[in-house]
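The values are calculated or read from the model by the stated rules, or taken from the named source; none is laboratory data. For clarity, every value in this text was computed on a predicted model and none was experimentally measured. Here the Cβ positions follow ideal geometry from the backbone for every residue, glycine too, while neighbour counts run over all protein chains shown. Side chains are part of the model used for accessible areas, which takes the heavy atoms of the whole protein and leaves out ligands, DNA and RNA. Shrake-Rupley method; radii C 1.70, N 1.55, O 1.52, S 1.80 Å.
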Amino acid sequence: MDGTRIADLADLSTDDTFLFRVRSEDTAVASGDAALRSDENTAANAEDGDSTDSDDGIAMPDDMKQDDDVREAILLRLATEDGDPADDVACWLNYCQHMTHIKLDKGSGAPVRDGEVICVNHGALFAADSGECTYGPCEGAFLNEIDVQVADGGVFLADDEYEYVGEGPVESDDDDLSSSSNVIL
Ligand code: FES
């Protein structure tokens, strides 16, 4: 267990998502930009033998390094049956299961309505508590889960496969910004 505090429970919402980054050693589940960038960076890193520095030799802060294994994740607060915020959360990798390079949260929170996370690209709905796509082109597929724990009013990373990197989106990660919504919310 990493044990890193990701967010305060009180800061999480039941109607949108909190975006952060994790690093994984498991390339088999690579998705999104991590997967798309892997080929070109593998060659570059093998050449200079040190993937931690930029090309001009200036060391970059840990959370700014371009890293094939860094992915985005979303955290959201679950609601009770009557709609009130519960002391429970869910955490998923931030990639739709219809097109796995498409992000659910594009930087300002993915919409969550009636306990379902909405992919605005083609309208897929994912149950916030189970991650299952209940409607849309990837119906029956599941989001990739990241284990977290709620303690002392905070949410902590509790997944051995992931290391906390930082809050917010992956830097220079702009391929999805041109995607237009086909869904009226
Ligand atoms: S990319 Fe998410 S529904 Fe198509």
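Of the residues TYR164, TYR135, TYR95, the single one that is touching a helix residue (DSSP H, G or I) at 6+ places or on another chain (Cβ under 7 Å) and among the hydroxyl-bearing types (Ser, Thr, Tyr) is TYR95.
In region 144-151, the condition of being free of Cβ contacts under 8 Å to residues at least 40 places away in the same chain, in a strand (DSSP E or B) and within 16 Å of the ligand (Cβ to nearest atom) is met by no residue. Which of the residues spanning region 84-104 are assigned to a loop (DSSP other than H, G, I, E, B) and more than 8 Å from the ligand (Cβ to nearest atom)? Within region 84-104, ASP84, ASN94, THR100, HIS101 meet the criteria. Of all residues in region 68-92, those that are surrounded by 20 or more Cβ atoms within 10 Å (Cβ to Cβ) and either closer than 12 Å to VAL170 by Cβ or modelled with pLDDT under 95 (or both) total 5.
Against the list (1) more than 16 Å from the ligand (Cβ to nearest atom); (2) open to solvent by 50 Å² or more (accessible area, probe 1.4 Å), the condition GLU139 fails is (1). Of the residues making up region 105-119, those that are touching a Ser or Thr at 6+ places or on another chain (Cβ under 7 Å), crowded, with 20+ Cβ neighbours inside 10 Å and part of a loop (DSSP other than H, G, I, E, B) are ASP105, ALA110. Inspect region 9-24 for any residue being loosely packed, with under 11 Cβ neighbours inside 10 Å, modelled with pLDDT under 95 and under 16 Å from the mean Cα position of the chain (by Cα) and give the result as yes or no. No - not one qualifying residue is present in region 9-24.
If only residues of region 125-136 that are of a type in the set (A, V, I, L, M) and within 15 Å of the ligand (Cβ to nearest atom) are counted, the one that is most open to solvent (accessible area, probe 1.4 Å) is LEU125. With respect to being near the ligand (Cβ under 8 Å from one of its atoms), over 18 Å from the mean Cα position of the chain (by Cα) and open to solvent by 50 Å² or more (accessible area, probe 1.4 Å), HIS122 fits the description.
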